[in-house]
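The structure under discussion appears below in the form of structure tokens.
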Amino acid sequence: MNIILLGPPGAGKGTQAQRLVDRHGMRQLSTGDMLRGAIKAGTPVGLEAKAVMERGELVSDAIVSALIGDELDAMGPDTGAIFDGYPRTAAQADSLDELLAARGRKLDHVIELEVDEDALVERIVGRFTCATCGKGYHDRFDPPKVEGTCDKCGGHEFKRRPDDNEETVRTRMAEYRAKTAPILPGYEARGLVARVDGMADIEAVSAAIEAIVAP
Ligand code: ADP
Ligand code: AMP
């Protein structure tokens, strides 16, 4: 199964992707994570992406589509893919179709997380992850069960993203509205779109997604 999780920054894509990985052994393909990895590793892609990401703008289509192609090649053919934060433009949506077709894969669902924009800033400024295993948390909505200890790996170090500040979030939302939301009608015409209330609590959103991917 190949699915896209679509929604503005802070909609809950990463949170739900991690849950799908745990439940179904699917693979999360987050271009944001790949780009942050490239920045950390100091690769040419990372060097090119860093300033763009700090501004909250979009990295070039060619770079992110190449990253996705490489990840798909590194996966077993039977492992399902969850696209998280990709595609974000019409050109990326076209590339994804080609990348999937070339590997004998097809898109099963585009799950749109519908959220109220006013809630997103609070979600994003409260977001943090475990520095060891990457599990995502939120100061208020999803804190670790024991403060200061990761539920998943027991780690004690956490980190926050440099672009998770109010100013950058506004740019990221504007990018979403201008360049990403317009790809939805194309998927709708293909009968692929399922909508989920992303304002519900995390468990309820998971249950709604579960009903789509494993009815
Ligand atoms: P995205 O990957 O779409 O940018 P995340 O999954 O990282 O969004 O979620 C952003 C923040 O909001 C995280 O801190 C996460 O814990 C929290 N969050 C995710 N889903 C919900 C939800 N349904 N209700 C409240 N908070 C949520
Ligand atoms: P995310 O982790 O999905 O919130 O992405 C963080 C940042 O990485 C975005 O604000 C963009 O600068 C960049 N980025 C991630 N995915 C893409 C993509 N598919 N296309 C262009 N830029 C991306």
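The values are calculated or read from the model by the stated rules, or taken from the named source; none is laboratory data. Remember, predicted model here, so these are calculated numbers, not experimental data. Virtual Cβ from ideal backbone geometry, glycine too; neighbours counted across all protein chains shown. Heavy atoms of the whole protein, side chains included, go into the accessibility calculation; ligands, DNA and RNA do not. Shrake-Rupley method; radii C 1.70, N 1.55, O 1.52, S 1.80 Å.
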Taking only Cα atoms of region 18-58, radius of gyration then Dmax in Å: 12.8, 35
From the Cα gyration tensor of the chain, with a ≥ b ≥ c the square roots of its eigenvalues, which class applies: rounded if a/c is under 1.5, or else prolate if a/b is larger than b/c, or else oblate? rounded
Given the options 62, 81, 189, which has the most mean-square fluctuation in a GNM of the chain, springs set between C-alpha atoms less than 10 angstrom apart? 189
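Figure the gain on full extension for residue 194 and residue 211 (residue separation times 0.36 nm, minus the Cα-Cα span) and round it to one decimal in nm. Show your work: numbers first, answer last.
Values: separation 17, 0.36 × 17 = 6.12 nm, distance 1.05 nm.
Extending this stretch completely gives an extra 5.1 nm.
Of 50/106; 13/106; 50/152; 135/179, which pairs sit farther than 24 Å apart, going by alpha carbon to alpha carbon?
50/106; 50/152; 135/179
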Give the ranking of 83, 141, 158 by solvent-accessible surface, highest area first, calculated with a 1.4 Å probe. 141, 158, 83
Classify region 1-129 from the C-alpha gyration tensor, please: rounded if a/c falls under 1.5, else prolate or oblate depending on whether a/b exceeds b/c. oblate
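If you take the alpha carbon radius of gyration of region 144-215 and divide it by 2.2 N^0.38 Å, what ratio comes out, to two decimals?
1.55
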Descending Cα extents along the principal axes, region 66-144, whole Å: 43, 30, 21
Cα-only Debye scattering, region 61-105: base-10 log of I(q)/I(0) at q = 0.25, 0.30, 0.32 Å⁻¹: -0.92, -1.28, -1.40
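Once a ≥ b ≥ c are taken as the square roots of the eigenvalues of the Cα gyration tensor of region 99-171, is the result rounded (a/c under 1.5), prolate (a/b larger than b/c) or oblate (a/b not larger than b/c)?
Verdict is oblate for region 99-171.
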On the formula 1/(1 + (r/R0)^6), with r taken between the Cβ atoms of residue 75 and residue 118 and R0 of 45 Å, the FRET efficiency rounded to 0.05 is 0.75
